[in-house]
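Asker: My structure is below; once you've seen it, I'll send some questions.
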Amino acid sequence: MFVLSVLLLIAAVVLFLVGRGRTAGGWRLGAALSAVGGVLAGVFACVVVVSAYEVGVPVTFGRVGTPLVSGIHFKSPFTDVTSFSTRPVDLDLYDKDVVEVRSSQGGVLYADVTIKWAVVPAKAVELYRLAGSEEAIQERLVLPDSREIIRNVFAKHTSEEGYASAREQIGSEIEDLIKERLAPRGIDITAVNLRKVKPSDKLQEQIDKKIQQEQATERAVEASRTAKAEADRKRIEAEGIARANKIIERSLSDKVLYNQCLEAYKEAAKANPVYAVPCGTDSGGTPVIVNSGKN
């Protein structure tokens, strides 16, 4: 803008000198317009507007000045102002930028992470010296440090913890470490969202095999438990029968047996004209054949 202002003022002087010896008024009008344009361009070159939620870093001949807050500021025409947004910026690490990590067991996982970061206005000068622009801050500071920390945290946990049981804990560890690393540089980490952790194909095969083995083990244990329960049931049943037989053996006498034989004789006599008396009629208890049709 300042260069444009100088060129317009030079053009105004040339037009004025050329048109001074001429009667036509077009040259003078052109000189006046060029002069006005040069003055306006010079004014704009000395004014900078810092938008809301931004901070400006002025640099004059390589010397960095005090950060400029939101509003209108006057500066030297030789001063360049680099603006940094103070609003949170999303760094999405997914798809082709997904973070490949390894667990403590060596398994490969893929972590989708979103990191929200913002420039601390008071640290804008330090960030300008470190990176030079807002895009460079993300590419040179936030991205590489975040990837390194994510890999280091996952390396302390097993594969199962990484994709299932300890995801929340891992996300908190990552957020704390990234904040600790980037805060001294003037970068405020507002949130770290560990959105998804996916095992690699090889690791997924290992997980499936492990699950199948665990299921087979559970089935074997259940079968063993069932067989043991059945054996215990049969043992208890056999012991009960044995105890019952002993009780019966102790309670039976010759008279009792003879009485049962008589009861059986009565039942047989009702249906069969010829029958065997199971206990006999003699003292030895020898069975005899009885014909009920004869007296």
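What follows is calculated from the coordinates using simple rules that are stated; it is not laboratory data. Fair warning: this is a prediction, and the values are worked out from it, not measured in the lab. Cβ placement follows ideal geometry from the backbone for every residue including glycine, while neighbour counts extend to all protein chains displayed.
Asker: Being small (Gly, Ala, Ser) and farther than 19 Å from GLU160 by Cβ is the filter here, so list the residues in the stretch 211-239 that pass it.
Answerer: Across the stretch 211-239, the qualifying residues are ALA220, ALA223, SER224, ALA227, ALA229, ALA231, ALA238.
Asker: For the structure I just gave you, tell me whether LYS202 is in contact (Cβ under 8 Å) with a residue 24 or more places away in the chain, of a type in the set (D, E, K, R), closer than 30 Å to SER103 by Cα and not in a helix (DSSP H, G or I).
Answerer: The answer is no for LYS202.
Asker: Look at ASP90 and say whether it is within 26 Å of VAL142 (Cβ to Cβ) and touching a Ser or Thr at 6+ places or on another chain (Cβ under 7 Å).
Answerer: So ASP90 passes the test.
Asker: Here is a further query. Got at least one residue in the stretch 99-112 being closer than 17 Å to ALA52 by Cβ and either buried (at least 16 other Cβ atoms within 10 Å of the Cβ) or in contact with a His (Cβ under 6 Å, 6 or more places away or on another chain) (or both)?
Answerer: no
Asker: What number of residues in the stretch 61-86 are out of contact with any Gly (no Cβ under 9 Å at 6 or more places or on another chain), hydrophobic (A, V, I, L, M, F, W, C) and surrounded by 13 or more Cβ atoms within 10 Å (Cβ to Cβ)?
Answerer: Residues meeting the conditions: 1.
Asker: If a residue has to be closer than 23 Å to HIS157 by Cα and either in a strand (DSSP E or B) or among the small types (Gly, Ala, Ser) (or both) to count, how many in the stretch 178-199 make the cut?
Answerer: Residues flagged as closer than 23 Å to HIS157 by Cα and either in a strand (DSSP E or B) or among the small types (Gly, Ala, Ser) (or both) within the stretch 178-199 amount to 9.
Asker: Of the residues GLU175, GLU230, which is in a helix (DSSP H, G or I), in contact (Cβ under 8 Å) with a residue 12 or more places away in the chain and out of contact with any helix residue (DSSP H, G or I) (no Cβ under 8 Å at 6 or more places or on another chain)?
Answerer: Only one candidate qualifies: GLU175.
Asker: With the structure loaded, tell me whether GLU126 is touching a helix residue (DSSP H, G or I) at 6+ places or on another chain (Cβ under 6 Å) and of a type in the set (Asp, Glu) or whether it fails that test.
Answerer: no
Asker: Of all residues in the stretch 129-152, which are farther than 14 Å from ALA118 by Cα, of a type in the set (D, E, K, R) and in contact (Cβ under 8 Å) with a residue 12 or more places away in the chain?
Answerer: ARG129, ASP145, ARG147, ARG151
Asker: Looking only at the stretch 130-139, decide whether some residue is more than 30 Å from THR66 (Cβ to Cβ) and in contact with a Ser or Thr (Cβ under 7 Å, 6 or more places away or on another chain).
Answerer: Among the residues of the stretch 130-139, not one is more than 30 Å from THR66 (Cβ to Cβ) and in contact with a Ser or Thr (Cβ under 7 Å, 6 or more places away or on another chain), which makes the answer no.
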